[in-house]
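Right, one structure below, let's go through it.
The values are calculated or read from the model by the stated rules, or taken from the named source; none is laboratory data. Note that the structure is predicted; figures quoted are calculated from it, not measured. All Cβ positions, glycine included, derive from the backbone under ideal geometry; neighbour counts span all protein chains shown. Ligands, DNA and RNA are excluded from the accessible area calculation, which covers all protein heavy atoms including side chains. Shrake-Rupley method; radii C 1.70, N 1.55, O 1.52, S 1.80 Å.
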Amino acid sequence: MEPLLSPAERDALVQAEARHAAGVYAKRDLMLVRGRGARVWDARGREYLDCVGGHGVAVVGHNHPAVVAALRAQAERLLICPGSFYNDTRAHLLQRLGTLVPGLERVFLANSGTEAVEAAIKFARYSTGRTEIVAAMRGFHGRTLGALSATWKKAYRQPFEPLVPGFKHAAFNKLAAWEPLVGDNTAALLVEVVQGEGGVHPATAEFLHGLQRLARERGALLIVDEIQTGMGRTGRLFAFQHYDLEPDLVTVAKGLGGGVPIGAVLLGPRVRPLKPGLHGSTFGGNPLAAAAALAVLQVLEDEDLPARAAALGAYLREELARVSGDRVRAVRGLGLMLGIEVRRKAAPYLQALAQHGVLALPAGLNVVRFLPPLTLSQAEAERIVAAWAAVVG
Ligand code: PLP
């Protein structure tokens with residue numbers, strides 16, 4: 001194992017982050033310096049199977065050659081082009097994104113998940129002339145004030161109150177709890193198909209269809225947040241496609257750029273046409289991110305990655321449950337979005353997994369979450385199972 005940085009250099013850089021970063025992240029004692037496919041290497045040269053994947057970003061794996069080549073070529077040509085001018089690469093991406101799902105033809109391009117959610121909230125309010133948003137308890141939608149207002153967790157919200165008025169929360173998977181909250185002033189219902197940060201909880205088909213019906217009946221829009229579930233992770237390009245839903249707005253980010261920041265909102269026909277000047281973003285739709293996203297979409301198709309996520313996800317879910325026996329509370333998920341609810345805190349399990357060469361992330365206090373690249377091989381999936389068996393055994 002060759003160190004990629006000298007121990008002295010590594011320590012100095014750890015100190016630099018500790019001293020100068022704003023301090024909003026709880027740190028793990030690992031410095032990641034290189035990645036390829038489903039693997040990353042730390043400064044000491046140790047290899048890990050990466051089921052953190054940049055918090056679910058690395059759907060096509062780290063540094064996919066097609067993404068790297070697209071970025072190189074675009075960087076040589078044009079890095080920035082404002083939305084007020086046409087751009088060839090952006091046009092290709094809009095065309096591609098706008099024809100992924102029949103009915104979701106128009107697209108707003110942003111730079112992150114939270115920005116996509118902000119845009120969706122604004123478009124829903126503008127479209128309906130109403131102000132209220134009903135979101136799910138345990139849901140996570142981002143950290144900017146609008147998206148944070150839709151997010152459930154008190155620890156994220158309370159230090160920043162007052163938040164945006166007009167947000168209500170109802171229990172996930174309990175349609176009856178939503179009915180009294182959706183009225184004449186409800187602009188939109190906002191939901192994740194599988195709650196990610198909230199603990200990897202898949203929605204039921206009845207719940208999702210119930211929300212869609214409720215939205216239609218009461219003149220509100222349905223926003224599906226696919227920021228974590230999208231881009232093939234759950235076994236379909238978008239998780240709502242498992243349920244034949246017809247959302248009015250779909251937010252996407254994370255995996256879309258292959259590691260380059262990008263967010264998008266797909267807009268359905270019930271969203272009122274937007275006017276110039278209504279919303280915007282300096283970097284939204286920049287050619288560099290557009291080139292990366294185009295490459296990601298091509299890789300997803302060429303390598304049939306959603307199908308791979310479905311097959312490997314089913315294998316992993318079954319095997320992780322098998323080796324866990326009754327030592328865990330539950331193994332949940334859809335495709336390659338998996339969560340194991342343990343009986344104690346997740347953190348020691350994550351540390352033990354890292355010692356066995358697998359990086360995973362928490363979802364809340366007691367769920368160990370796996371968000372591996374969809375390019376994972378069968379042998380790599382087996383290594384994940386073996387590592388978990390060693391940790392839980
Ligand atoms: N929505 C969901 C479902 C997410 O999982 C996340 C991030 O984890 C966000 C929104 C926020 O995305 P970002 O961190 O890119 O702002």
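Pairs K27/K168; K154/K174; K154/K275; K174/K275; K122/K174; K153/K275: which are spaced more than 30 Å apart, C-alpha to C-alpha? Over 30 Å apart, Cα to Cα: K27/K168; K154/K275; K174/K275; K153/K275.
Surface exposure of the stretch 65-302, expressed per residue as accessible area with a 1.4 Å probe, stands at 42 Å². Among the DSSP beta bridges whose two residues both lie in the chain, what percent are antiparallel, rounded to the nearest 5? Of all bridge pairs located within the chain, approximately 65 percent are antiparallel. Computed from the Cβ-Cβ distance with R0 of 41 Å, the FRET efficiency linking F85 to Y25 stands at 0.65. The portion of the accessible surface of the chain made up by carbon and sulfur, rounded to a whole percent, is 55 (1.4 Å probe; DNA, RNA and ligands excluded).
How large is the Kirkwood hydrodynamic radius of the stretch 43-90, counting all unique pairs of alpha carbons, in Å? So the Kirkwood estimate lands at 13.6 Å.
Computed over every Cα-Cα pair of the stretch 223-327 and binned at 5 Å starting from 0, the pair-distance distribution P(r) comes out as 2, 11, 16, 19, 18, 14, 8, 5, 3, 2, 1, 0 percent. Above 20 Å lies some portion of the pair distances; for the stretch 131-239, what is it as a whole percent of all C-alpha pairs? Percentage above 20 Å: 36. Could you run the Karplus curve 6.51 cos²θ - 1.76 cosθ + 1.60 with θ = phi - 60° over the stretch 343-357 and give me ³J(HN,Hα) per residue in whole Hz, x for Gly and Pro? Going residue by residue, I get 7, 10, 5, 6, 3, x, 5, 5, 5, 5, 4, 4, 5, 8, x Hz, with x marking Gly and Pro. Normalised Debye scattering of the chain at q = 0.10 Å⁻¹ gives log10 I(q)/I(0) of -0.66, counting only Cα atoms as equal scatterers and leaving out solvent.
Rounded to 0.05, the FRET efficiency of the Y315 and M137 pair, given R0 = 22 Å and the Cβ-Cβ distance, is 0.10. Of the two radii for the stretch 307-361, the radius of gyration is 0.97 times the Kirkwood radius, both from the alpha carbons; that is the Rg over Rh value. Projecting the Cα atoms of L181, G230, L249 onto the charge dipole of the stretch 163-285 (Cβ charges, centred on the Cα centre) puts L249 farthest toward the positive pole. Extension gain for V33 to L163 (0.36 nm times residue separation, less C-alpha to C-alpha distance): 43.1 nm. Just checking the listed ones, R130, R216, R317: in the Gaussian network model of the chain with Cα springs under 10 Å, the one fluctuating most is R216.
Per residue, the average separation of C-alpha pairs within less than 8 Å and at least 6 apart gives the stretch 65-302 a relative contact order of 30 percent. For the stretch 272-289, backbone phi angles converted through the Karplus equation (6.51, -1.76, 1.60; θ = phi - 60°) give residue-by-residue couplings of 4, x, 8, 9, x, x, 5, 7, x, 6, 4, 8, x, x, 5, x, 5, 5 Hz, Gly and Pro being listed as x.
In this calculation the C-beta distance from A307 to L5 is compared with R0 = 30 Å, giving a FRET efficiency of 0.20.
For the stretch 65-302, the Cβ-based charge dipole about the Cα centre amounts to some 380 debye (Lys, Arg positive; Asp, Glu negative; other atoms uncharged). Taking a point 7 Å from the Cα of R213 along the Cα-to-Cβ direction, none of the residues of the stretch 120-139 has its backbone N closer than 14 Å to it.
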